[in-house]
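Shown next, in structure tokens, is the structure this report addresses.
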Amino acid sequence: MIPAAPAPLHPAPSHAASPRWQQLWRDAVRDPRELLAMLGLDADGLGMSDEAAAQFPLRVPHGFVARMRHGDPHDPLLRQVLPLDAEMRPMPGFTLDAVGDGAAKAGHGVIRKYRGRALLIATGSCAIHCRYCFRRHFPYAEETAAAAGWREAVAAIAADASIDEVILSGGDPWSLATPKLAELTDALASIPHLKRLRVHTRLPVVLPERVDDALVGWLAALPWPVTIVLHANHAHEFDGHVDAALARLRGTGAMLLNQAVLLRGVNDSVDALAALSERGHAAGVLPYYLHQLDRVQGAAHFEVPDDTALRLHRELAARVSGYLVPRLVREVAGDTGKRPL
């Protein structure tokens, strides 16, 4: 098992105070027992694993913890982040690279799977460590596009005129300081065949303070249409702070979509899925994808069988408006697009 790389920050210049979001990042909860104590829970009987925490460390911002239900060991937000013994049980079919990232590398931190799109692994850092993360074993130390001032990644995109969309991913690309992001987009702006920019980020949900004046100003000035694909799995992940951050993002003209992962014990009921779609829409976010679990080593306890997933999807479609029904998909290594179920 390859442990996740450390999560270094890219601090603001030394002459300026660090933005508030960076301080909140640094203050994140990293000790599972501290997290449980904050929720009035005892580690005994929960199946918590120190070994799992050592291999893939806990990280969760205090604001996200505040949305968890006190005294509830089955809270759906807690379940997403608490390291458990189940992660350490080898399971057939669960691998280190569940989606074929390694075979799709097309440059330093550049992944090419689908025609017309280049995905940049901008950084390995995340504000929260989700236990089902399909890149929890990714070798970030060797493969991030931000290395060497983005030069190799930008050159790979410039050399291929078939690429018309760049996708910033990670890790979480918005864990980078805004000047670092601007360094990339300034370089990309000179490439005539680029038509769109997409950002995959969980930060507006788990650390909404990241959506500050600098980030909003950078977004508003970009020369392309921007789509921001958020990641929330449960309605309880939204609160007033998240709503305000998303409103600021919408104000830049960006389109907001959500992709969720179907997770056992988190959102594997039609009530939970309907609430997620409706709460997200109330915050200005349209459902995009509902992913079947990527079969990454350590995440088997989250898996929902396909027949259950299909039933839930049918029930969801019968309950909510069509535009609130995400596409149920699976990513299969080597496919040229997400595979519908």
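Solvent-accessible surface of the chain, averaged per residue with a 1.4 angstrom probe and all protein chains in place: 41 square angstrom.
For segment 250-305, what class follows from the C-alpha gyration tensor (a ≥ b ≥ c being the square roots of its eigenvalues): rounded when a/c is under 1.5, otherwise prolate if a/b is larger than b/c, else oblate? Oblate, because a/c is 1.5 or more while a/b does not exceed b/c.
Classify the chain: rounded, prolate or oblate, from the alpha-carbon gyration tensor (a ≥ b ≥ c, eigenvalue square roots; a/c under 1.5 rounded; otherwise prolate if a/b is larger than b/c)? Each step should come with its number before you reach the end.
Details: a/c = 1.35, a/b = 1.25, b/c = 1.08.
Note, shape of the chain comes out rounded.
Figure note: 183, 209 ranked by solvent-accessible area, largest first, 1.4 Å probe, ligands and nucleic acids not counted: 183, 209. Ranking 288, 323 by solvent-accessible area of protein heavy atoms (1.4 Å probe, all protein chains present), from largest to smallest, gives 323, 288. Take the Cα of residue 224, step 7 Å toward its Cβ, do the same at residue 69, and the gap between the two points is 4.2 nm. Helical content of the chain, expressed as a calculated mean residue ellipticity at 222 nm, amounts to -8000 deg cm²/dmol (DSSP H runs of 4 or more residues, -39,500 (n - 2.57) each, divided by residue number, nearest 500).
Partner lysines whose Cα lies under 24 Å from the Cα of residue 180, excluding those fewer than 8 positions away in the same chain, are identified as 105, 195. Comparing 153, 43, 145 in a Gaussian network model of the chain where C-alpha atoms under 10 Å apart are linked, the largest mean-square fluctuation is found at 43. Leaving out ligands, DNA and RNA, and with a 1.4 Å probe, what % of the accessible surface on segment 268-341 is carbon or sulfur? After summing per-atom areas, the C and S share lands at 49 percent. Segment 277-298 and segment 183-230 have Cα centres spaced 20 Å apart.
Model label points for residue 269 and residue 38, set 7 angstrom from Cα along the Cα-to-Cβ axis, are 2.5 nm apart. Axis of helix 306-319 versus longest Cα principal axis of the chain: the two differ by about 80°, to the nearest ten degrees.
So which trypsin sites (Lys or Arg not before Pro) in segment 39-96 end up in coil per DSSP with only 16 or fewer other C-beta atoms within 10 Å? Filter output for segment 39-96: 69.
For the pair residue 162 and residue 182 in one chain, pulling the backbone fully straight at 0.36 nm per residue adds 4.9 nm over the alpha carbon distance.
The values are calculated or read from the model by the stated rules, or taken from the named source; none is laboratory data. Values in this document were obtained by computation on a predicted structure and should not be read as measured data. Neighbour counts run over all protein chains shown; Cβ positions are idealised from the backbone, glycine included. We work out accessible area using only protein heavy atoms, side chains counted, and drop any ligands, DNA or RNA first. Shrake-Rupley method; radii C 1.70, N 1.55, O 1.52, S 1.80 Å.
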